Structure formats: structure tokens, C-alpha cells
1. Please report the net charge: other residues with Cβ closer than 13 Å to the Cβ of ALA142, K and R +1, D and E -1.
2. For a quick check: sort TRP72, TRP213, TRP126 by the number of other beta carbons within 10 angstrom, fewest at the front.
3. Sort out for me the Cα centre separation of the stretch 34-57 from the stretch 175-215, rounded to whole Å.
4. Cut-off is 10 Å between beta-carbons; in what order do ILE44, ILE217 appear when sorted fewest neighbours first?
5. Could you work out the relative contact order of the stretch 112-223? I mean the mean sequence separation of Cα pairs under 8 Å and 6+ apart, divided by the number of residues, in percent.
6. Sort 159-170, 196-207, 178-189 by packing, meaning the average of other beta carbons within 10 Å per residue, with the highest value first.
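All of the numbers you see were taken from the coordinates with simple rules; none came from a lab. No experiment lies behind these values; they were computed from the predicted model shown. In this analysis, Cβ positions are derived from the backbone assuming ideal geometry, glycine residues included, and neighbour counts consider all displayed protein chains.
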Amino acid sequence: MHGSSNEADPPLSQATLDGAGLAEPAPVTDYRVRPATAADADAICRIYNQGIEDRVATLETELRTPEERRRWLANRSPRHPVVVAEATEPRFVGGHGGGETEPGRTFVKPPTESSGLAAPATMVGWGSLNVFNPREAYRFVADFSIYVERAWRGRGVGRAMLEALIELARTHGFHKLVLSAFPFNAVGGALYEKLGFRTVGVYREQGLLDGKWVDTIIMEKLL
Ligand SMILES: CC(C)(COP(=O)(O)OP(=O)(O)OC[C@H]1O[C@@H](n2cnc3c(N)ncnc32)[C@H](O)[C@@H]1OP(=O)(O)O)[C@@H](O)C(=O)NCCC(=O)NCCS
């Protein structure tokens, strides 16, 4: 069971796609958000390339390779970490005495070797805190990235990761998170608004993507 004991480990987030309040047992998938390691480069690469190909997330058009993502991971500063979300095996709660974990948001330790938390898990997304601007005065502002595996979108993974990134940003002393998104990214927009981001404005025709001008929305959240 995760969500338990070792308080020496730093807490990160877990969200629950839940069946709270259901009379009958319902399948529940927990998401565990933990720091990325070099071993995650392949999955991060695959999920990032899905986001690039889908043309809903980014003005980036150049597909990545696992090796490039390994180098990218290796060059992160501690203040600009990468996290990954893992989905654990579905379990059943409610109805007959419930599960060991209350559905809903809880804090858990990351799956360290000593914690015994390396339960069966599927990597379903990644996120990162990024340098917004290298000028010294901007050091309290971070940009972020967040990408969920296609088949797992709309199932709470994005919320779990963004909550973890907000928490990490506060821990690292950032004052603000900012992002830029496409106006037609409905799920992303819903997620950001739900987690307290406000729209700063819209850059008109900010990028030329596949021969078409696209606008980008700028959003921010003071931490
Ligand atoms: C955008 C993205 C990160 C969101 O993550 P996600 O796991 O799909 O989103 P979640 O399931 O956590 O949903 C977040 C919120 O949006 C809402 N939502 C989900 N699907 C929605 C839809 N189709 N339309 C409107 N709102 C929707 C949910 O209700 C949820 O709010 P809740 O937690 O209060 O219920 C993910 O879809 C993704 O990776 N997309 C491709 C890459 C991308 O766009 N990255 C962001 C670049 S700016």
C-alpha cells in the first residue's frame, strides 16, 4: 500500500480517479507522481512525441529521440525538475468495507528502493518546471510543461501532475507559474483554470504551424 509510513521521504502528490460514495465497489486508479530518472527517458520521449504530433500542445514540431531526452534529463537543474506520473493497478473501493485508502487527494512518498513502493505501474505522463527567462530578475518565475499519454488523457493524470508541479514550485521558492497554450486546447484550459491560473492575454498569430497562424493564450498563477 502506498501513502504510508516513511516520513523521511519527501512527499509528492497522488490523485485518485475515484468512485467516491459509490454503494458498489468501483475500480480506482491511483496516480503516483515522482521525480523522473534517466530510465524514464524512453517513455517521456514517446509521450512528448505524441503531444507534438497531436498539434494541440506546443509549437514544437521536431520529434525527439530517447537519447536526446536522456541528455535533457541529465541537464536539468535541481530547481527545474522533471516528474512522471505512474498509474498503479486498479483497485476496488466502496460498498463492502472499502479500500485501505480514501479516494481523493493524498500525499505519498515517492517509490524509493527502500520504501517498497515499486508496485506494478505504468508511466502515463510527465511534467517539468522550466526556466522562464534566464535573466536574474525572472528567477522567481517558472514555466512548465505537462504531457499525458494519449490513452490516459481526461482521467485525472494532468491534474495530479500539475498539483505536484505547483507544490514543487512552492518548495523551490518560485513566486509564479506561467504557461502558454493553444486556445483550442480545451482540456488543458479547463485544467489550468481549475487549478487557479488566470488568463493574462492572447498573442494573436504567434506561431505558424503547418502553414496556419495560431494564437497562444498566456496564463499565470501566483503561488
Ligand atoms: C492537457 C493535459 C495535460 C490535461 O491532462 P488530463 O489528464 O487529460 O486532464 P485531467 O483528466 O486531469 O482533467 C483536468 C480537468 O479538465 C477537465 N476536462 C477533462 N476533459 C475535458 C474536456 N474534454 N473538456 C473540458 N474539460 C475537460 C476535467 O473535468 C478536469 O477537471 P476536474 O479534475 O475538476 O474533473 C492532457 O490532456 C495532455 O497531455 N494533452 C496533450 C498535451 C497537452 O496539451 N499538454 C499541455 C500543453 S499546454
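1. In short, +3.
2. Lowest count first: TRP213, TRP72, TRP126.
3. 20 Å
4. Going from least to most buried by this count: ILE217, ILE44.
5. That works out to 22 percent.
6. So the order, starting with the most tightly packed, is 159-170, 178-189, 196-207.
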